[in-house]
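The values are calculated or read from the model by the stated rules, or taken from the named source; none is laboratory data. This is a predicted model, so every value here is computed, not measured. No Cβ is skipped: glycine too gets one built from the backbone with ideal geometry, and neighbour counts run over all protein chains shown.
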Amino acid sequence: MHDERTLPVSEKPWVASDRDAYPDTVHFRGLNTPVGIEASVPGLTVEGTLPSGLEGSFFRAVPDPAHPPMFADDNILSGDGMISRFRFRKGAVDFDIRYVQTARYLAEQHAGRALFGGYRNPFTDHPSVAETDRTVANTTPLWHAGRLFMTKEDGLPYEIDPDTLATKGACDFDGALRSQTVTAHSRVDPETGELFLFGYEADGACSRDVSYAVLDPRGHLMREQWFKQPYHGMIHDFAITRSRAIFPFFPTTTDLDRLRAGGPKWAHDQNLECCVGIMGRDGDVAGMRWFKGAKGASAFHIMNAFDEGDVVHLDLFVSETNAFGFMREAGGIHIDQRAIRGGFERWTFDLAGEGEHFTVTPLGPPGDMPRIRDADCGRDYKTGWYLSMNPQGGPPLPGGPVGAAFNCLIRITLPHGEIDMLALPPGHAVSEPVHVPATEPNGSEWLLCIVDKANGDAGFQSELWVLDADRPSRGPIARVHVPLPLRAQVHGCWVPATVQSPASQMTR
Ligand code: V55
Ligand code: FE
């Protein structure tokens, strides 16, 4: 163990949140136990050998409620966003984590307590914050056009200084974006550098308006169009191909009257069909082609999409109902988490054909939190990585959004190839990896991910593992010790040093 006195002093003392002040639910226990420590720790201890080409920053989004919630039924998705970074530089690894200073975070810091009420229900807020932006910017760090953002689908992105992790403020792209929201899952075309994004509830809580926008490689908004989604649903992810934009809709719906009555934001509706809208990515939303799929199906994350002429393939993680217990239960669906069936599927759409039908092909075992090479986005691709459950890994550690953490990392060769698997032993959990591309032709590629290990009464011990992206089953090439507790992360991104600071690279 590290001696705490040898650690550098951060702005806040090394005292974790008062855990007993938080509700005794899975959203605040296990790996979801609030931590609330802002810290900078240079020179982490490394076991093994860091690859010499590994130079850059692994940014992670961590929801962590700075104050006990107003309501005991609050959930993990409400936590204040923290931006965290592991920076690999000249053989050393430095760690930093800071709260995103959202308007909401600042208002609650000032008050010394929670002022915002239930998850995405503004009608439960303290009157003093009626006009205050309530996003927590807690879902995905996004890098585009030399800028770093923290995103959440219920608000605008917050820009972050990638060196200091200081918050620069909410971003509407110089006033150009009309949408009130931006997804946490935008897509960057690897050749053009354009950023494709959407925002649902673009015109305020429970509006059916969806914005679709494209930014040029310098980060300037080129186009924004709006369309109506089929129901008042949650749209977590979307996809692009070389020529198309693909919007999947799953029936996890909201209702203004329910919110006004203080009820839950989302209720899954098992009787509504899922839908997919496909349009030319540079075209008009009026040209959207609509397809319909299974009733009650749900998906959060898409691995990738690509087209072959008139045929479009969408690879995603589907389950027969919503994977989040609190969204199912609000819709009257009572099924044990472990009984939910799902899989990694390829949905294929023939734009030359007639009708609303598409075909479904199984690709691999169920799971989520997919990762591809950034260079493969929207292209036919051979390799993907994602998280799953190791049947021999014992009961999952409590943590993450559904309360059961993944304990297995899969590399899959597509469309029907080999699976290589890092299957963790009992008492372990793994978070979404980032992919580090090769820095030279035919060079090695790496995965970086956080692995948490249960440590009896002491809680959890976290490490960052460096894996061979080709063979994760070989286990870590290097393990970076993390000398403080980490709360479960959502998504992350890798920014090579050459991209983050091109000037300093040239003068080195
Ligand atoms: C998700 C995460 C969110 C959210 C809605 O992983 C959906 C799915 C961390 O915030 O607000
Ligand atoms: Fe997500």
Is it the case that Gly118 is touching a Phe, Trp or Tyr at 6+ places or on another chain (Cβ under 6 Å) and closer than 25 Å to Phe326 by Cα?
yes
So, restricting to strands (runs of 3 or more DSSP E) that lie completely within segment 30-142, which ones have at least 2 residues that are at pLDDT 95 or above and within 30 Å of Leu256 (Cα to Cα)?
56-63, 81-89
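Which of the residues belonging to segment 143-179 are of a type in the set (Ser, Thr, Tyr), assigned to a loop (DSSP other than H, G, I, E, B) and in contact (Cβ under 8 Å) with a residue 40 or more places away in the chain?
Within segment 143-179, the first condition is being of a type in the set (Ser, Thr, Tyr), and the residues that meet it are 151, 158, 164, 167, 179.
Filter again for assigned to a loop (DSSP other than H, G, I, E, B), leaving 164, 179.
The answer is Ser179, and nothing else.
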Of (1) away from ligand 2 (no atom under 16 Å from the Cβ); (2) at pLDDT 95 or above, Asp336 fails just (2)
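Report whether or not Leu165 is within 16 Å of ligand 1 (Cβ to nearest atom) and of a type outside the set (Val, Ile, Thr). I'd like the intermediate steps shown before the answer.
Values: within 16 Å of ligand 1 (Cβ to nearest atom): no; of a type outside the set (Val, Ile, Thr): yes.
No, not satisfied.
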Some residue of segment 238-248 being more than 16 Å from ligand 1 (Cβ to nearest atom), over 25 Å from Val62 (Cα atoms), surrounded by fewer than 20 Cβ atoms within 10 Å (Cβ to Cβ) and of a type outside the set (S, T, N, Q)
yes
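Those residues that are within 16 Å of ligand 1 (Cβ to nearest atom) and surrounded by fewer than 22 Cβ atoms within 10 Å (Cβ to Cβ), I need them from segment 125-148; list them, please.
Restricting attention to segment 125-148, the residues satisfying the condition of being within 16 Å of ligand 1 (Cβ to nearest atom) are 133-142.
Of everything in segment 125-148, those that are within 16 Å of ligand 1 (Cβ to nearest atom) and surrounded by fewer than 22 Cβ atoms within 10 Å (Cβ to Cβ) turn out to be Asp133, Arg134.
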Quick one: Asn442 ticks every box in (1) part of a loop (DSSP other than H, G, I, E, B); (2) under 29 Å from Arg328 (Cβ atoms); (3) not small (Gly, Ala, Ser) except a single one, so which number is it?
(2)
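Only residues that are within 16 Å of ligand 2 (Cβ to nearest atom) and surrounded by fewer than 21 Cβ atoms within 10 Å (Cβ to Cβ): list them for segment 213-234, please. Write out each step before concluding.
Residues of segment 213-234 within 16 Å of ligand 2 (Cβ to nearest atom): 233-234.
Passing the criteria: none in range.
Condition first: buried (at least 16 other Cβ atoms within 10 Å of the Cβ) and within 16 Å of ligand 1 (Cβ to nearest atom). Can you find one or more residues in segment 186-193 that meet it? Full working, then the answer.
Step one: of segment 186-193, the residues buried (at least 16 other Cβ atoms within 10 Å of the Cβ) are 186-189.
Among the residues that remain, those that are also within 16 Å of ligand 1 (Cβ to nearest atom) are: 186.
The answer is yes, given that some residue of segment 186-193 is buried (at least 16 other Cβ atoms within 10 Å of the Cβ) and within 16 Å of ligand 1 (Cβ to nearest atom).
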Here's a check for you: in segment 112-124, which residue that is under 14 Å from Thr102 (Cβ atoms) and more than 16 Å from ligand 1 (Cβ to nearest atom) is surrounded by the most Cβ atoms within 10 Å (Cβ to Cβ)?
Ala114
Within 22 Å of Ala39 (Cα to Cα) and more than 14 Å from ligand 1 (Cβ to nearest atom): is that true of Ala107 in this structure?
yes
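For segment 254-269, name all the residues that are among the acidic types (Asp, Glu) and either at pLDDT below 95 or farther than 11 Å from Phe123 by Cβ (or both). So that I can check it myself, show each step before the final result.
Filtering segment 254-269 down to residues among the acidic types (Asp, Glu) leaves 255, 257, 269.
Within segment 254-269, Asp255, Asp269 meet the criteria.
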Where Phe326 falls short, out of the listed (1) within 16 Å of ligand 1 (Cβ to nearest atom); (2) part of a strand (DSSP E or B); (3) among the aromatic types (Phe, Trp, Tyr):
(2)
Note on segment 280-294: residues free of Cβ contacts under 8 Å to residues at least 40 places away in the same chain and either of a type in the set (D, E, K, R) or assigned to a strand (DSSP E or B) (or both) are Gly280, Ala294
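Answer yes or no: is there a residue in segment 372-382 that is more than 17 Å from Ile278 (Cα to Cα), in a loop (DSSP other than H, G, I, E, B), without any contact (Cβ under 8 Å) to a residue 60 or more places away in the chain and under 20 Å from the mean Cα position of the chain (by Cα). Working first, answer last.
Filtering segment 372-382 for residues more than 17 Å from Ile278 (Cα to Cα) gives 372-376, 380-382.
Then keep just the ones that are in a loop (DSSP other than H, G, I, E, B); that gives 372-373, 380-382.
With without any contact (Cβ under 8 Å) to a residue 60 or more places away in the chain added as a condition, the list becomes 382.
Narrowing further to those that are under 20 Å from the mean Cα position of the chain (by Cα): none.
No, there is no match, as no residue in segment 372-382 is more than 17 Å from Ile278 (Cα to Cα), in a loop (DSSP other than H, G, I, E, B), without any contact (Cβ under 8 Å) to a residue 60 or more places away in the chain and under 20 Å from the mean Cα position of the chain (by Cα).
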